[in-house]
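Working notes for the structure below.
Just so you know, all these numbers are worked out from the coordinates, no wet-lab data involved. All values derive from a computational prediction rather than experimental measurement. Counting neighbours? That spans all protein chains shown, and the Cβs are built from the backbone with ideal geometry, glycine included.
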Amino acid sequence: MESGRKISVIVPCFNEEESLTTFNQTLIRCLPETYSFEIIYVNDGSSDNTFRIITSLAKSNPAIKYISFSRNFGHQNALKAGYDFASGDCAISLDADLQHPPAVIPELIAKWEEGFEIVNTMRNDHASISFSKKISSRIFYQIMRKLSDVNIENGMADFRLIDKKVLKQLKLFNENYLFFRGIIPWMGFRQTIVPFTANERFAGTTKYTFQKMLKFATTGVTAFSVKPLKISIYLGSVIAMVSFIYGLYAAYIHIFTDRAITGWTSVIFSVLFIGGINLLMLGIIGEYLGKLFIENKRRPNYLISDTNLIEQD
Ligand code: UDP
Ligand code: MG
């Protein structure tokens, strides 16, 4: 019997033609019959057959909705589009490659029924996750915790359930540099974590290139903390202190000995060192300035070229 409650499932897809059909079957099999569902596929500017597959799925099942972007806007923006359009009593987001097992969905729903407003998931480190991914994700979360004021657990995934109350608030977040893994724990509400074991990618290769991952990591830090800007204060004062002591030493050499010309190596060393630190700090300031510049334009997070969710002209 249906409970009358509706659940939105959000699936960002970027060149997932090989996984989609199997993913869709598996997902539908795992959805409990006691709820009504809408499945929102967000096509993030795929260059393969992803969009065609989604539209044909939508034709055969009225619960399947789609939003197709005009180009690739990135995973986080695809999630944002899903959250913006979700009309359910709660929304569940998961990846299209079956790494986030749909079989865990009933468990997330059970936690929601218990009264939790945000149900996060945490990936157990498992053999199917590559060694480099494990290490890079460990380092990333470690740096994130050190540098920002948000406590993000290791292996937190963009596989989560949020209540419509949270969804309503989330729609108000219009920042261009989105980092949901930071925003969600920051939001408060009643949260819990469900562990899951990630599967191997069903088909295709990771859509997170090293470059995308690096971009994601800098956003994670700079969107959540201004601590890196303070590094210059600490480094600056340490260097000033060392220079002062070294200056005293130089003065001593000059006044009390006749070896004053021998300082060439140390001059070169300190010039290069200070130069390097200067560039580093300018880089950090530049990173924030650049983000301010982009945010200030208030451009939309994504542009939709096709959807069956709203009337189109
Ligand atoms: N994805 C996306 N836009 C992108 C990159 C990825 O919508 O620019 C989607 C992708 O189709 C998948 C999810 O985000 O459903 C996670 O990507 P992927 O599995 O490649 O990342 P990984 O699991 O390797 O971290
Ligand atoms: Mg994946």
Of 160, 259, 190, the most mobile residue in a GNM of the chain (C-alpha springs, cutoff 10 Å) is 259
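Less than 12 Å Cβ to Cβ from residue 80, Lys/Arg counted +1 and Asp/Glu -1: what total charge do the surrounding residues give? Each step should come with its number before you reach the end.
Numbers: positive: 171; negative: 44, 84, 158, 175.
The answer is -3.
How would you rank 9, 242, 194, 104, going from fewest to most other Cβ atoms within 10 Å of each one's own Cβ? Can you show the working numbers first?
Numbers: 9 27, 242 12, 194 17, 104 20.
Lowest count first: 242, 194, 104, 9.
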Across 82, 45, 236, the residue with the highest GNM fluctuation in the chain (Cα network, 10 Å cutoff) is 236
Among 180, 83, 268, the residue whose Cα sits farthest towards the positive end of the charge dipole of the chain, when +1 is placed on the Cβ of each Lys and Arg and -1 on the Cβ of each Asp and Glu, is 268
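If the limit is 31 Å between Cα atoms, which of 59/168; 6/146; 6/133; 111/171; 65/134 go over it? Write out the running numbers ahead of the final one.
On the way: 59/168 29 Å; 6/146 39 Å; 6/133 35 Å; 111/171 23 Å; 65/134 34 Å.
Table pairs above 31 Å Cα-Cα are 6/146; 6/133; 65/134.
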Taking a crude spin-label model, label points 7 Å out from Cα along the C-beta direction, the residue 203 to residue 255 distance in nm is 8.0 nm
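What does the charge add up to near residue 170, with Lys and Arg as +1, Asp and Glu as -1, over the other residues with Cβ less than 14 Å from its Cβ?
Values: positive: 80, 160, 164, 165, 168, 171, 181; negative: 84, 117, 158, 163, 175.
Result for the neighbourhood of residue 170: +2.
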Spelling it out for residue 157: with amide H atoms placed in the peptide plane at 1.01 Å from N, the residues 5 or more places away or on another chain with amide H under 5 Å from its amide H are 121, 123
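Add -39500 (n - 2.57) for each DSSP H run of 4 or more in the chain, then divide by its residues: what number comes out at 222 nm, to the nearest 500 deg cm²/dmol? Show your work: numbers first, answer last.
Working: 10 runs with 151 residues, N = 313.
Using -39500 (n - 2.57) per qualifying helix, the result is -16000 deg cm²/dmol.
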With R₀ set to 35 angstrom, the calculated FRET efficiency between the beta-carbons of residue 134 and residue 310, to the nearest 0.05, is 0.30
If amide H atoms are modeled at 1.01 Å from N in the peptide plane, then the residues at a separation of 5 or more from residue 48, or on another chain, having amide H under 5 Å from its own are 15
Quick calc: nm separation of the 7 Å Cα→Cβ label points for residue 124 and residue 151 -> 2.4 nm
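Quick one: which of 90-103, 172-185 comes out on top by average Cβ neighbours within 10 Å, and what's the full order, highest first?
Working: 90-103: 22.4, 172-185: 17.4.
Output ranking for 90-103, 172-185: 90-103, 172-185.
Highest mean first, how do 13-19, 214-220 rank when packing is the count of other Cβ atoms within 10 Å averaged over residues?
Numbers: 13-19: 22.0, 214-220: 16.7.
Peptide ranking by packing, descending: 13-19, 214-220.
Which order do 89, 44 fall in if you start with the one that has the fewest other Cβ atoms within 10 Å?
Details: 89 18, 44 25.
Listing 89, 44 from fewest to most nearby Cβ atoms yields 89, 44.
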Hits in the range 6-20: amide N under 20 Å from the 7 Å Cα→Cβ extension of residue 59, namely 16-20
Computed from the beta carbon distance with a Förster radius of 51 Å, FRET efficiency for residue 232 and residue 29 to the nearest 0.05 stands at 0.40
